Amino acid sequence: MSRASKKIVWITGAASGIGYACAERFAAEGYLVVGSDINPCKQWQSIEELSSGSCFRLLDVTLEQAVTDFAGALIADFGAIDVVITAAGVAGGGAIHHISTADWDHVINVNLRGTMLCIRAAIPQMIEQRSGNIITIASVEGLEGSEGGSAYNASKGGVVMFTKNLAMDYGRIGIRANAICPGFIDTPMFREVMDLEAMRETRDKIQAQHKLGRFGRSQEIAGAAWFLAGEDSSFITGHALPVDGGYVAGHSYGLTEMMGLV
Ligand code: NAI
């Protein structure tokens with residue numbers, strides 16, 4: 001097992017949205033990107049064109065043995081894991097008396113347990129290297145409650161706390177761990193919910209909670225991931241970083257409009 005000449009990043013949920021944008025950014029910066037997703041990625045060839053050697057492999061993050069085998073193959077093929085970004089995730093929630101236990105379990109299973117399984121599979125290699133960088137994609141909904149959030153918010157709150165604990169447990173051997181907490185980002189997952197006719201008014205209200213007055217772009221999350229993976233953030237660990245256009249900065253009641261600040 002010889003180490004590849006490039007740095008290696010493993011990105012889950014890499015077929016779409018935020019994960020794909022991270023793959024694009026890290027490939028453009030010269031990383032060898034190993035992308036994984038439960039679904040195939042139609043546009044992956046452009047990642048390989050940006051950084052040769054990058055590859056895409058199918059992986060369901062909820063399948064423990066498959067995750068272990070995936071990490072083992074990655075290490076056998078490339079000899080290192082410098083960065084892991086866990087972007088695989090699903091939406092879901094509703095007031096709890098409206099949702100089934102199976103729906104609750106699915107959200108927790110993918111978003112929280114899947115995140116843990118992938119990171120746990122990468123950790124032994126990072127310990128051997130005595131270096132590594134873990135970036136989880138949580139959510140502003142893991143920092144505060146939201147109507148109907150239930151399973152999703154619980155999963156993302158869990159990801160935030162899990163990430164802080166990773167920083168506690170592995171910091172002294174050179175592994176950093178940080179969570180990114182995106183605001184509402186225009187991705188296929190976002191559109192699946194926000195494009196519903198019933199969501200039109202709510203969508204406008206949610207947009208207004210972003211103090212920059214707009215939803216975010218996947219590339220803006222990838223930019224934060226790039227910062228957290230690099231030397232400019234070398235003293236940052238155990239942090240949950242909102243990248244949210246000011247969504248969690250405070251509540252809006254319309255006073256900015258009254259003050260003429262729009
Ligand atoms: P997306 O739906 O575009 O991408 C999520 C990817 O995860 C998809 O490619 C999907 O196939 C994959 N995935 C789902 N279940 C999987 C499984 N069991 N195993 C492997 N892959 C699986 O969604 P988006 O928006 O890019 O989301 C990425 C992450 O960012 C998610 O964790 C999401 O919760 C989080 N997030 C998204 C926000 C948004 O507004 N779009 C806001 C805050 C957080």
note = Along the dipole axis of region 98-192 (charges at Cβ: +1 for Lys and Arg, -1 for Asp and Glu; origin at the Cα centre), the most positive-end residue among 119, 187, 173 is 173
note = With Cα coordinates, the longest principal axis of the chain makes an angle with the long axis of helix 17-28, in degrees rounded to 10, of 40 degrees
Overall dimensions of region 5-48 by Cα: Rg and Dmax, Å = 9.4, 29
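Output the relative contact order of region 159-262, whole-number percent, from Cα pairs under 8 angstrom with separation of 6+ residues. Display every interim value, and only then the final one.
Working: 115 pairs, mean separation 40.0, N = 104.
Relative contact order here is 38 percent.
Please tell me the relative contact order of region 1-80 in percent, rounded to the nearest whole number, where contacts are Cα pairs under 8 Å and at least six residues apart.
Numbers: 133 pairs, mean separation 26.3, N = 80.
With pairs under 8 Å counted, the relative contact order is 33 percent.
Could you please state how large a percent of the accessible area of the chain is carbon and sulfur, counting protein chains only and using a 1.4 Å probe?
Values: 7130 of 12960 Å².
Ligands and nucleic acids excluded, carbon and sulfur give 55 percent.
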task = Evaluate the Kirkwood expression for the hydrodynamic radius of region 138-262, namely the inverse of the mean inverse distance over all pairs of different C-alpha atoms, and round to one decimal in Å.
result = 15.9 Å
key: Qualifying trypsin sites (Lys or Arg not before Pro) for region 121-201 [loop in DSSP, other Cβ within 10 Å: at most 12]   = 130
task = Grab the other residues whose beta carbon is less than 13 angstrom from that of residue 129, score K and R as +1, D and E as -1, and report the net.
result = +2
query = In the chain, what % of DSSP beta bridges are antiparallel (nearest 5)?
reply = 0 percent
Mean accessible surface per residue for the chain, computed with a 1.4 Å probe while every protein chain stays in place, in Å² = 49 Å²
inquiry  = Which three extents, in angstrom, do the Cα atoms of the chain have along their principal axes, listed largest first?
reply    = 62, 42, 38
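In the neighborhood of residue 67, defined by Cβ-to-Cβ distances under 9 Å, what is the net charge if each Lys or Arg adds +1 and each Asp or Glu adds -1?
-2
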inquiry  = Using only the Cα atoms of region 1-93, what are the Rg and Dmax in Å?
reply    = 12.5, 44
task = May I ask you to list the aspartates and glutamates whose Cα is less than 18 Å away from that of residue 211, ignoring any residue fewer than eight positions away on the same chain?
result = 141, 144, 186, 201, 220, 244, 257
query = Which value, in Å² and to the nearest 10, is the accessible area of residue 100 when all protein chains are kept and the probe is 1.4 Å?
reply = 50 Å²
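The values are calculated or read from the model by the stated rules, or taken from the named source; none is laboratory data. Fair warning: this is a prediction, and the values are worked out from it, not measured in the lab. Every residue, glycine as well, gets a Cβ built from its backbone with ideal geometry; the counts of neighbours run over all protein chains shown. For accessibility, only protein heavy atoms count, side chains too; no ligands or nucleic acids. Shrake-Rupley method; radii C 1.70, N 1.55, O 1.52, S 1.80 Å.
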